Amino acid sequence: MKQNIFQLALVVEDYDEAIDFYTKKLHFTLVEDTAMSPTKRWVVVAPPGSNGCRLLLAKAADETQKSRVGNQTGGRVFLFLHTDNFEAGLPKSPRPRRHHRPAASKRGLGDGGGISGPLWKPLGPDRTSWLKKN
C-alpha cells in the first residue's frame, strides 16, 4: 500500500486575508474555495505546479484556535517550501503589516503570528539555499 500526506490544515485568522497572502505573496494556486456554512469555508491552496501536499486554510473558530494562528508549532518552523529555482521561486518581500516580517528572511517565509500562518523555510535543490541568500 502506498500512502502520502495529502493535505495539512493551517489555522488562519481570516479566509480572505489568508487567500490573499498565499496567492499574491507566495503565488500559490487557489485550488478550492467552497462555502460550507454561513461562517465556514473549505479553502485549499497549493504551490504553483505542485502535485504534492496542499494546505487547507481553516479559520479559527474560538479563542483557543485564534491563539494558535501563526504559532501552531510553538515557535518552530512548521513548513518547508522546496523550489527548483530559488531566485525565481521566492516572492518579493511584502510590505510588513499586522505582524508580518518580510517574506524571505533568515527566519523564513510567513509571519509567525499574523494572518498567514506558521513560519516557512524556503529550500532550494541543495536544501541550504536560504542560508546562502540571507
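Data for the structure
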| item | result |
| --- | --- |
| Residue satisfying condition, being without any contact (Cβ under 8 Å) to a residue 12 or more places away in the chain and within 28 Å of ASP84 (Cα to Cα), within set LYS2, LYS25 | LYS2 |
| Selection status of VAL69, buried (at least 16 other Cβ atoms within 10 Å of the Cβ), at pLDDT 85 or above, β-branched (Val, Ile, Thr) and part of a loop (DSSP other than H, G, I, E, B) | yes |
| Residues of the range 47-66 that turn out to be in a loop (DSSP other than H, G, I, E, B) and either surrounded by 18 or more Cβ atoms within 10 Å (Cβ to Cβ) or among the aliphatic types (A, V, I, L, M) (or both), as a count | 3 |
| Residues that are in contact with a helix residue (DSSP H, G or I) (Cβ under 6 Å, 6 or more places away or on another chain) and either free of Cβ contacts under 8 Å to residues at least 24 places away in the same chain or of a type in the set (S, T, N, Q) (or both), drawn from the range 29-78 | LEU30 |
| For LEU81: the one exception among (1) touching a Pro at 6+ places or on another chain (Cβ under 7 Å); (2) in a loop (DSSP other than H, G, I, E, B) | (2) |
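Condition check ((1) among the basic types (Lys, Arg); (2) farther than 23 Å from ASN71 by Cα; (3) part of a loop (DSSP other than H, G, I, E, B); (4) at pLDDT below 95) across all residues:
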| residue | (1), (2), (3), (4) |
| --- | --- |
| GLN3 | no, yes, yes, yes |
| LEU8 | no, no, no, yes |
| VAL11 | no, no, no, yes |
| PHE21 | no, no, no, yes |
| GLU32 | no, yes, no, no |
| VAL45 | no, no, no, no |
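The values are calculated or read from the model by the stated rules, or taken from the named source; none is laboratory data. None of these values were measured; they are calculated from a predicted model. As a convention, Cβ positions derive from the backbone with ideal geometry for all residues, glycine included, and neighbour counts pool all protein chains shown.
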